[in-house]
Amino acid sequence: MSLASYAQIDTDRPAFTNSVNVVPKSTLQFEGGMGYTVQATNVVPVINNGRSLKRLETYTLPQAVFRYGITSRAEVRFEVPQFSLSRYKLANDSQSRYATDLWNRQVGMGLKFQILDKDKFTLSYLATLRTERDNFPESERELTFGLFNDLIWEYRFNEKSKMAGTLGFGNGKDAYAVNAAALIGTKINNRLWLQAEAVSENYFYENSRYNVNYYTLNLSSQYALTQRDAIDLTVGSVVHSTAFILPRNLTIQLGYAHLFNAKK
């Protein structure tokens, strides 16, 4: 999100909603981080990849994207594959078990451009093509593609405060995703930005019995270390979700972004 005037770097982190802004022309920007998620239930154990789970902890990294400005209003993007380490407990078992895997999302290529930039309001569009992998055994796995679209908006109340949001939809292997989010944020000083965000994520599968819904609240901050470096922190929790899935009780994300010198 937009930082204070001190920081010339503007990032798509933290939290769910991307920034309406693009990276300056002929400039490369890196954004990445690590996520930690706890999912647990005290009611009915959940079947996940053939396992009956009652608790699942997941560490994900590097959550990385490289952004490059091609015009004053457009950028291209490359998403790096993510690696995850999971610790889980089965029903009627107190022992913790571990699993490692590359996550479903393998590689992503995207394009973001500003559609409208008038006075206090900006509207942008982000399209991302991602490779995906199902959860079958290695010998049976299929590599497919999914196209994801996000319409991002921002309204600035004044130089310090704004509201923003996104409306997105996409299709993957045997599933469709629809999401929406809205946030309100403000500058605390010339380096620190704080925001609160509400997110709705909905996944519709060909078999309607497996539709999944998440409603999440996120609190985020971003701090400018220099004019080209920033760190961020997000803490979130699902306030409502489909009954038969493990709710994301707690999510923590730590991130870093760096804007490289413009090409001369």
Next on the checklist: Would you confirm whether or not segment 116-125 contains a residue that is surrounded by 13 or more Cβ atoms within 10 Å (Cβ to Cβ), modelled with pLDDT under 60 and more than 18 Å from the chain's Cα centre (by Cα)?
Outcome noted: no
Item to check | Any pair with Cβ under 7 angstrom, 6 or more apart, that starts in segment 14-39 at a residue that is closer than 25 Å to residue 121 by Cα and ends at one that is part of a strand (DSSP E or B) and among the acidic types (Asp, Glu) | outcome: 14/232; 15/197; 16/197; 17/197; 18/150; 20/154; 22/75; 23/75
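The values are calculated or read from the model by the stated rules, or taken from the named source; none is laboratory data. Not measured: the values here are computed from a predicted model. Because the Cβ atoms are built from the backbone with ideal geometry, glycine has one as well, and the counts that use them run over all protein chains shown.
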